[in-house]
Amino acid sequence: MIDTILIDQPHPYPPIHTAVTQPFWEALEEGRFITTRGIDGDPVFPPRAFDKQTWSRDIEWVELSERGILYALTAVHAAPAAFAGETPYSVCIVDLDEGIRLATRFLGDVTTPLDTPIELVAVKYTDSITYAARSVIE
């Protein structure tokens with residue numbers, strides 16, 4: 001179960017929900033980080049309606065550990081208009097324990113060393129939910 005951080009304002013650019021990704025967003029609301037994989041394949045992110053290796057539509061939903069390692073980190077100072085009021089903010093690339101590499105917002109200091117253990121958290125705005133990463137070393 002991942003922690004949820006509450007933000008008392010609307011999301012500046014809410015994520016798009018589709019029929020394929022809706023189970024992911026519902027699980028995130030419950031504190032679970034899930035994705036898809038082919039029946040005999042590896043998990044992929046973002047969730048897909050097909051196996052990326054075989055193109056089979058025979059997929060299943062799997063829960064991920066929400067843990068990983070910080071692969072890359074940077075601060076954003078010149079942001080798109082929707083996020084201009086939040087600058088500077090940090091974004092990162094994370095290697096999850098399951099072998100998935102994903103990009104997300106980083107909740108922490110931009111000087112956090114690479115290879116630092118991280119965890120994913122849910123970030124609940126007044127109008128939507130998303131996710132971010134933070135260091136597990138406080």
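Read-outs: derived from the displayed coordinates by stated rules, not from any lab. Computed from a predicted structure; not experimentally measured. Glycine gets a Cβ as well: all are built from the backbone with ideal geometry, and neighbour counts include every protein chain shown.
Between GLU86 and THR4, what's the calculated FRET efficiency when r is the beta-carbon distance and R0 is 22 Å? Round to 0.05. Walk me through the numbers before you get to the answer.
On the way: r = 19 Å, r/R0 = 0.87.
Once rounded, the FRET efficiency stands at 0.70.
With +1 on each Lys and Arg Cβ and -1 on each Asp and Glu Cβ, how big is the dipole of the chain about its Cα centre, in debye rounded to the nearest 20?
Working: 10 positive and 21 negative charges, 84 e Å.
Taking the Cα centre of the chain as origin, the dipole is about 400 debye.
If you take every DSSP beta bridge fully contained in segment 4-135, what fraction is antiparallel? Give it as a percent rounded to 5. Walk me through the intermediate numbers first.
Numbers: 31 of 36 bridges.
Within segment 4-135, antiparallel bridges account for around 85 percent of the total.
If I stretch the segment between TRP61 and ASP95 completely, what's the gain in nm (0.36 nm per residue apart, minus their alpha carbon distance), one decimal? The partial results should precede the final answer.
Working: separation 34, 0.36 × 34 = 12.24 nm, distance 1.94 nm.
Net length gain for the segment: 10.3 nm.
Hey, what do the phi angles of segment 21-26 turn into as Karplus ³J(HN,Hα) couplings, whole Hz, using 6.51/-1.76/1.60 and θ = phi - 60°, x for Gly and Pro?
Whole-Hz 3J(HN,Hα) from phi for segment 21-26: 8, 3, x, 4, 5, 5.
For the chain, what is the mean residue ellipticity at 222 nm derived from helices alone (per DSSP H run of n ≥ 4: -39500 (n - 2.57); sum divided by total residues; nearest 500 deg cm²/dmol)? If you can, show how the numbers build up before the last one.
Details: 1 runs with 8 residues, N = 138.
The helix-only estimate for the chain comes to -1500 deg cm²/dmol at 222 nm.
Can you work out the FRET efficiency for the pair THR74 and PHE50, with r the C-beta to C-beta distance and R0 = 25 Å, to the nearest 0.05?
Numbers: r = 32 Å, r/R0 = 1.28.
Efficiency computed from Cβ-Cβ geometry: 0.20.
Can you work out ³J(HN,Hα) from phi for every residue in segment 82-92, in order, using Karplus 6.51 cos²θ - 1.76 cosθ + 1.60 and θ = phi - 60°, giving whole Hz and x for Gly and Pro?
Each residue's phi maps through the Karplus curve to give 4, 10, 4, x, 9, 6, x, 9, 10, 10, 9 Hz.
Each residue of segment 39-51 in turn: what ³J(HN,Hα) in whole Hz from Karplus with 6.51, -1.76, 1.60 and θ = phi - 60°, glycine and Pro shown as x?
In residue order, the calculated couplings are 3, 10, x, 8, x, 10, 9, x, x, 10, 8, 8, 7 Hz.
Scan around ALA72 for amide H atoms under 5 Å from its own, H built in the peptide plane at 1.01 Å from N, and keep only partners 5 or more places away or cross-chain.
Distant-sequence amide H within range of ALA72: ILE93.
What is the set of long-range amide H partners of ILE5 at a cut-off below 5 Å, with H atoms built 1.01 Å from backbone N?
ALA122, VAL123, LYS124
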